[in-house]
Amino acid sequence: MQKVKSIALISVIVLLGFLREYLFININWIYLTLTINRRNAAREEFYFLLDWNPSNINILKFFLTLVFCCLFMGLTWLIINHLFKNRLYNRIVLYTFGVLIVVSLIFQGINYFFDSFLIYGIVRTLMGYAQSFIPLLILGLTFYFIPKVQNK
C-alpha cells in the first residue's frame, strides 16, 4: 500500500506540472496576441481571455504562479513526509521553497528599478523551479542517499 500511495503522489505532482504548463502556454499566447499582435495559437477554451486587457492577464498569471507554488510546495512536503517521516527533511522542503520565493522577490525588486531582461530571466527560472517537481527530485534523491538523521 505504501508503494501505491508513493506512486500516486508522485504521479499527481508530475501531472500538475503538465497542467501548469498547459495553462501558462495558452495564457501566454493570448497575452502575446494582445500585446504584440502575434498570431493566436492558444486553444479555443482560452479565447475568452482575448476580452481581457494585458494587465488583467498579468494579474491572472501572478495569481496562478502563487497557487502553483503553494501546490508544488505542499505536494513536495507531503511526498517527502510520506517517504521519509523526518521532521528535519520536512523543514528543509519548506526552507527550500521559501528561499526560492524570497530570492525571486529580491531579484524582482531589483528588476523593478533596472528593467533588465537578464534579471527577469533569473526570476522566471527561480519561479519555474518553485512551480515544478525539480525540488522534489533533488531533495528526494539527496535525502535518500545521505546518512539517516535522527527525527527531531
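Coordinate-derived values only; no laboratory data. Bear in mind the structure is a predicted one, so any value in this text is a computation, not a measurement. Ideal geometry is used to build each Cβ from the backbone, glycine not excepted, and the neighbour counts take in all protein chains shown.
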I'd like the chymotrypsin sites (Phe, Trp or Tyr not before Pro) in the range 1-65 restricted to DSSP loop residues with at most 13 other Cβ atoms within 10 Å, sorted by number. none
Summing +1 for each Lys or Arg and -1 for each Asp or Glu, what net charge is found among the other residues whose Cβ lies under 15 Å from the Cβ of TYR31? +4
What percent do you get for the relative contact order of the range 1-150 when only Cα pairs under 8 Å and 6+ apart count? 24
With the chain treated as a Gaussian network of Cα nodes joined by springs under 10 Å, which of THR65, THR35, THR76 yields the largest mean-square fluctuation? THR35
Could you state the orientation-averaged shadow area of the convex hull built on the Cα atoms of the range 33-77, in nm² to one decimal? 3.9
Taking the range 1-97, which trypsin sites (Lys or Arg not before Pro) meet the DSSP loop condition and have no more than 15 other C-beta atoms within 10 Å? ARG38, ARG39, ARG43, LYS85
When only Cα pairs under 8 Å and 6 or more residues apart are kept, what is the percent relative contact order across the range 24-102? 20
Cα atoms only: what Rg and Dmax, in Å, come out for the range 66-112? 12.7, 41
Apply the membrane-span-like helix rule to the chain: whole DSSP H runs, Cα extent along the own long axis of at least 27 Å, mean Kyte-Doolittle hydropathy at least -1.0. List the helices found. 2-36, 54-84, 87-114
Directionally averaged projected area (convex hull, Cα atoms, the chain), nm²: 11.1
